[in-house]
1. Quick one: among 244, 60, 335, which has the greatest mean-square fluctuation in a GNM of the chain with alpha-carbon springs under 10 angstrom?
2. Could you derive backbone 3J(HN,Hα) for segment 306-311 from the dihedral phi with the Karplus parameters 6.51, -1.76 and 1.60 (θ = phi - 60°), listing whole Hz in sequence and x where the residue is Gly or Pro?
3. Would you mind checking which residues have amide H under 5 Å from residue 293's amide H? H placed 1.01 Å from N; only 5 or more apart, or other chain.
4. In segment 55-154, which trypsin sites (Lys or Arg not before Pro) are in a loop and have at most 10 other Cβ atoms within 10 Å, using DSSP for the loop call?
5. Using a basic spin-label model with each label point 7 Å from the Cα along Cα→Cβ, how many nm lie between residue 171 and residue 48?
6. Rounded to the nearest Å, what's the spacing between the alpha carbon centres of segment 330-346 and segment 179-230? Just the number, please.
7. Rounded to whole Hz and in sequence order, give me ³J(HN,Hα) for segment 201-208 from the Karplus expression 6.51 cos²θ - 1.76 cosθ + 1.60, θ = phi - 60°, writing x for Gly and Pro.
8. I'd like to compare 192-200, 312-320: which one has the highest average count of other Cβ atoms within 10 Å, and what's the full order after that?
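Only the coordinates and a few stated rules stand behind these numbers; no lab work does. For clarity, every value in this text was computed on a predicted model and none was experimentally measured. For neighbour counting, all protein chains shown are included, and Cβ atoms are generated from backbone atoms with ideal geometry for every residue, glycine included.
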Amino acid sequence: MSEKIKVHTHNEWDPLREIIIGTIDGAQMPSVKDEALHSINYGNVSDEEFAKVRTGPYPDQVIEETREDLSLFVEALEKRGVRVHRSSGADFSKHYSTPDWSVDGYYAYCPRDSIFTVADQAIETPMVLRHRQNEAERILRHLFAETFIAPRPRLLDSMYDRSVLGRFTLCNEEPAFDAANLLKCGRDIIFQISNTGNYLGVEWLQNHLGPGYRIHPVDNVYAFIHIDSTIIPLRPGLVLLCPDRVKPENVPSFFAKWDKIWAPEPNPMSCDHRLDPASKWIAMNIMSLSPDLVVVEKNQHNLMRALEKHGIDSMPIQLRHMRSLGGGPHCITLDVWRDGELEDYS
């Protein structure tokens, strides 16, 4: 049996030593079309449009090419001396039930979503989509020496509200958030309030981490899903921002004095619109190997040039279906060990 993972990570940019990369094995689009799936993944579409949403396994070509792309990514990291672990695939067509509902699953492509690694902890977060609530238990828990399991929310229909489209659909009945709503900046944790994170989640995380940390809720930037196609801290004092969502007047106060790179127009990416694709801004979903080197999708030449002006080099990787699958280099990875110690960057 391989050695279990221990966690040591305090921010998004310290030199990377150990990481988990997702897998595409078993990936599918959920077949149970309930209020949770409609509100979280399709919160801006009508009942009629939602009824037409595709379900079932991803196309064979997407699976095969993504499997190849992930393998090449693993090889590239290992050549740089990074220790790589892989999440486990599963039969995501199998149903998972609670006393309140029963759903099938999704995929193991984005380990960033279900476990938050901070300091020496791996926290299984109280995920907001029923179809992913037991994801960490199924695909990731076995890799770690220890995880902390946050209380799982009941996720009743009353937890979701689509009455005002364009605003976040997740209600504040019980703590709930995906790990990909969070960004680590030393003693400060940025927490996006959106379809995938609420204010009670902020309170729970603050109480869990204690007074040594400050949780900063950001609620006026982006309502849909995760934070890492909107804000990416690159090193102390430098942050990458999405210009369609972040404006000078709503920059989170934590980053007010930081230098800002406004992400350039994304270069075109292939996209299958039948597969619930991410927005074009998945292009800025990058993952830092160190303060001066990041992993970028290989076609994003505009972004690579913008980063280079600030002394940041790029390691291009091929992810042919990252927009169709909704996961770029940051989404499909989970950093578990970075050099460096806990610092205060505020």
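1. Maximum fluctuation in the GNM of the chain, among the listed residues, is at 60.
2. Listing the rounded values in order: 5, 5, 4, 4, 10, x Hz.
3. 313
4. Within segment 55-154, the qualifying trypsin sites (Lys or Arg not before Pro) (loop, at most 10 other Cβ atoms within 10 Å) are 94.
5. In this crude spin-label approximation the distance works out to 2.7 nm.
6. 15
7. Computed from phi, the couplings for segment 201-208 are x, 4, 4, 4, 5, 4, 5, 5 Hz.
8. Numbers: 192-200: 25.0, 312-320: 18.8.
Final packing ranking: 192-200, 312-320.
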